[in-house]
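Since the structure comes first, as structure tokens, the remarks are kept for the end.
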Amino acid sequence: MTAEQVVFVLAAVVTLGSALGMVTTRSVFVGALWMIAVFGGVAALFILLGAGFLGIVQILVYIGAIAVLILFAIMLTPRVMGDPNAPRYNRQWPLVAVMASALASLLVALVLRTDWPLAQEGAPTITGFAVELGKGFMTTYILPFEVASVLLLVALIGAIVIAREE
Amino acid sequence: MSSVPLSWYLIVAALLFSIGAYGALARRNAIGILMGIELMLNAVNINLVAFWRYIEVTGLAGQLFAVIVITVAAAEAAVALALILAIYRTRDTVNVEEIDLLKW
């Protein structure tokens, strides 16, 4: 195995193992801590893929913002956390487990059977890609950029209005 | 080309998506459901970046789309947590089995 493959396997094991820990742990708070490990593993996969900018964005937005937001929400809803004997799953969880396993098998089989049209050229110039990304957002892809800006503004105002005390 | 085949990344993303779907559908806590959805969005992002790296590395669209997905995930988390807090304040629970106001 090459060094890249070793790093990939490590990142994949951390990601998937933490994901399993997240959905199976009893306490939602411990699950949120597992979720942070998943986000870190995904950031490692991004960096391994040569998307260093996205890896940093992943750490900043997911671990820095979304995970902290979720931890805050868990802390603010204590009556659910306080009951250690409450079942963590709903009644149909065996059915869901079968469905999720079937979905995973189907997707893996599809991935292995498909002949992907891989790019033929050698290693691309990935350095300085964040600059290209910024230029792209300001020229060709200005419309999705503006739509995302409006979406964030709407979500911000909406969250304040919904969560405000009457 | 990289020594890790494209299919490895796609398989990791598929497994992560399935685990996230299981968490989103089986959990009773509304915050647990939200965490499962975040996992599924992350799996999609792995796919987008992997396809960018192995198939369309000269284009911008793969990474750009991943940035948009991260933006939408952040907006979704903020609104969903505001909704959960509002429900908790009025109904005193975040268990989705007890939030049945809209059921006939």
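For chain A, modelled as a GNM whose springs connect Cα atoms under 10 angstrom apart, the maximal fluctuation among A:Ala65, A:Ala119, A:Ala12 occurs at A:Ala119. Give me the residues in segment B:18-36 whose solvent-accessible area, probe 1.4 Å, is reduced by at least 30 Å² once all protein chains are included instead of the chain isolated. Residues passing the criterion (a loss of at least 30 Å², heavy atoms only) are B:Ser18, B:Ile19, B:Tyr22, B:Leu25, B:Ala26, B:Arg27, B:Arg28, B:Asn29, B:Ile31, B:Met35. Considering only B:Thr58, B:Thr93, B:Thr71, the mean-square fluctuation computed in a Gaussian network model of chain B, springs between alpha carbons under 10 angstrom, is largest for B:Thr58. Starting from the Cα gyration tensor of segment A:22-68, take the square roots of the eigenvalues, sort them a ≥ b ≥ c, and report rounded, prolate or oblate (rounded when a/c is under 1.5, otherwise prolate if a/b is larger than b/c, else oblate). Since a/c reaches 1.5 but b/c is at least a/b, the shape of segment A:22-68 is classed as oblate. Screening chain A for DSSP H helices whose Cα atoms reach 15 Å or more along their own axis and whose mean Kyte hydropathy is at least 0.0 gives A:3-24, A:28-48, A:93-113, A:142-163. What does the C-alpha gyration tensor say about the overall shape of segment A:1-79? Classify as rounded when a/c is under 1.5, otherwise prolate if a/b is larger than b/c, or oblate. Taking the square roots of the gyration eigenvalues as a ≥ b ≥ c, segment A:1-79 is oblate. Dipole orientation for chain A: of the candidates A:Phe145, A:Phe72, A:Tyr89, A:Tyr89 has the Cα lying most toward the positive pole (charges on Cβ; Lys, Arg +1; Asp, Glu -1).
For the residues of A:133-140, the average number of beta carbons from a partner chain within 10 Å of their own beta carbon is 2.
Beyond 25 Å, what share of the Cα-Cα pairs of chain B remains, rounded to the nearest whole percent? The calculated P(r) of chain B puts 35 percent of pairs beyond 25 Å. The orientation-averaged projection of the convex hull spanning the C-alpha atoms of the protein assembly as shown amounts to 15.9 square nanometres.
The values are calculated or read from the model by the stated rules, or taken from the named source; none is laboratory data. What you see is a predicted model; the values in this text were computed from it and never measured. When we count neighbours, we look across all protein chains shown, and the Cβ atoms used for this are built from the backbone with ideal geometry, even at glycine. Note: areas computed on protein heavy atoms with side chains; ligands, DNA, RNA excluded. Shrake-Rupley method; radii C 1.70, N 1.55, O 1.52, S 1.80 Å.
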